[in-house]
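Every read-out reported here was derived from the displayed coordinates using simple, explicitly stated rules and does not represent laboratory data. This one's a predicted model, so the numbers in the text were calculated from it and none came from an experiment. Please note: Cβ atoms are built from the backbone with ideal geometry, for glycine as well, and neighbour counts cover all protein chains shown.
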Amino acid sequence: MPGLPPNMPNPEAIFESWWPIIIGIIGGVGYALRQYMRGARCISELKLEDKVAIVTGGGSGIGKQLAIDLAKRGCKVYTTARNQEQAKATEQDIRQSSKSELVHCLVCELDKFSSVKSFVAAFKKKEEQLHYLVHNAGVMMCDFNKTEDGHEEQFQVNYLSPFLMTSLLQDYLKNSTPSRVLLATAPAYKLGSSTFTDCPPEDKYNTGDAYAQSKLALVLFGVTLAEKLKDADVHVHCVLPGVVNTNIYRHLPFRKSAFVAVSFAPFFWFLTKTPDDGAQTTLYALLGVSAGKTTGKIYKECAETEYADIVKDEELQKSLWKQTLEWTKVKEFGQ
Ligand SMILES: *[C@@H]1O[C@H](CO)[C@@H](O)[C@H](O)[C@H]1NC(C)=O
C-alpha cells in the first residue's frame, strides 16, 4: 500500500481476527450488567428550601449521600454520629460536599434509649419543624450483645430506637405537614417470623434471624404508623435500598478475614450499588409526587412494590405495637 509507513498495522488485517469483536461484546455485556446492578435513579429537580430533615447515620454510605443530596436542594439537614468527634468530621464532610452550611450532625447512639432521647431534645432546641424523618442507620448481623436497656442490639438499633425516636418527634411531624417518615428495610424482612422477642437467650441467638426479625418489626411498624397517621397528612413509607457497597456488611463472614475481603472486593464492587445509587429509592420516596399522595407503601428501585403476606396480618401489627410500647417504655405513642 503506497503511503502507509512500514511499521503500521494494516487496518484491514484487524478485521481478519475475531478478537476485537469478542472483546467488544464482553465489554458491552459487562457494562450493561454493571449498569443493571446500579439500579434505577430518581430524577427530581425539587428544591427543599425551608424544609428540615433528619437522616440517621450520615457518617458514611447511603445516609451520607442522602444528607448531601438533600442539603444541595436547600434542605436543612440533621444527621447523626456515634460520638462528638465523628459528628464534627461528618458535619464538615457533608457541608463541603454539598456546599451548604445548613448541615448539622448530632450525637445519637441507637443502642441507647437515653442517647435517642437526648438527640431529640437537642434537635427540638434548635428547630420548630420536621418535614422528613429518614430512619437510615442500621446494623447487620453483629455478634450477640444485650444493650444497657436490656434488648438484643440489632432489635434495638434497627427497630426499637427508630420507634422511640418517631414517637418523640410525632408532634413535630404533625406540625409540619405534609411530612414524610421513611424506614429503610431489607428483603430479609420476609424471612422474619411472627414470634417477636426483644432479646433471645444468647445460646439461641442467630445473627441472620435476629437481623430479619428487626427488619420485619420495622416494616410492621411502618404499616401501623401509616394507618394511624393517614388523616394527619404524615406519609409513612418503607424503602428497600438494595445491596449497596457500604460498611454495613462488616460483620459478614467474608468481610471478617482481610484476605477474603480483598479477594472478593472486585466482585463485590461489581455486584453492588454505590452509596449514591443506594440513596435513589429513598430519594424517590422522599421527593416523589406519588409517594406524597399515598401512605404505607414499600418502594424498591424507585417504584412501588408488594409487601410479603406476613406484613398484612393486622393482629400481628397490633400485638407488636403493644409490646413495643412496653419495651421502649413509651406510655402513649407521640406523647
Ligand atoms: C453493646 O451495647 C452497648 C449499648 O447498650 C454498647 O455500649 C456496647 O458498645 C455494645 N457492645 C458491643 C460489643 O457492640
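Given the rule -39500 (n - 2.57) for each run of at least 4 DSSP H residues, summed and divided by the residues of the chain, what is its mean residue ellipticity at 222 nm, to the nearest 500 deg cm²/dmol?
-13500 deg cm²/dmol
Along the positive direction of the dipole of the chain (beta-carbon charges: Lys, Arg +1; Asp, Glu -1; about the Cα centre), which of 295, 28, 74 reaches farthest?
Going by the Cα projections, it comes out as 74.
Using Cα positions and a limit of under 15 Å, work out the aspartates and glutamates in reach of residue 112, with same-chain residues fewer than 8 apart set aside.
148, 149, 152, 153, 198
Using the crude model of +1 on Lys and Arg Cβ and -1 on Asp and Glu Cβ, and no other charge, please compute the dipole size for the chain relative to its Cα centre, in debye to 20.
Taking the Cα centre of the chain as origin, the dipole is about 580 debye.
Hey, can you rank 33-39, 55-61, 88-94, 140-146 by average C-beta count inside 10 Å, highest first?
55-61, 88-94, 140-146, 33-39
Just the Cα atoms of the chain: what Rg and Dmax do they give in Å?
Gyration radius and largest Cα-Cα distance of the chain: 23.1, 92 Å.
Quick one: check the C-alpha center-to-center distance for segment 257-335 versus segment 175-236, whole angstrom.
Segment 257-335 and segment 175-236 have Cα centres spaced 8 Å from each other.
What number, in percent, do you get for the relative contact order of the chain if the mean sequence gap of Cα pairs under 8 Å and at least 6 apart is divided by its residue count?
Contact order relative to length: 18 percent.
Can you order the peptides 230-240, 306-316 by their average number of other Cβ atoms within 10 Å per residue, highest first?
Descending packing order for the listed peptides: 230-240, 306-316.
Work out the FRET efficiency for residue 271 and residue 21 from their Cβ-Cβ distance, taking R0 = 22 Å, and round it to the nearest 0.05.
0.25
Between the helical axis of 19-38 and the dominant principal axis of the chain, each derived from Cα atoms, what acute angle in degrees is found, rounded to the nearest 10?
Roughly 10 degrees, rounded to the nearest 10.
Please report 19, 327, 269 as a ranked list, fewest other C-beta atoms within 10 angstrom at the top and most at the bottom.
So the ranking, lowest neighbour count to highest, is 19, 269, 327.
Which ³J(HN,Hα) values, rounded to whole Hz and listed in residue order, are derived for segment 164-176 from phi using the Karplus coefficients 6.51, -1.76 and 1.60 in 6.51 cos²θ - 1.76 cosθ + 1.60 with θ = phi - 60°, glycine and proline given as x?
Listing the rounded values in order: 4, 4, 5, 4, 5, 9, 4, 4, 5, 5, 6, 8, 10 Hz.
Calculate the FRET efficiency for residue 37 and residue 193 from the Cβ-Cβ distance with a Förster distance of 41 Å, rounded to the nearest 0.05.
About 0.85, to the nearest 0.05.
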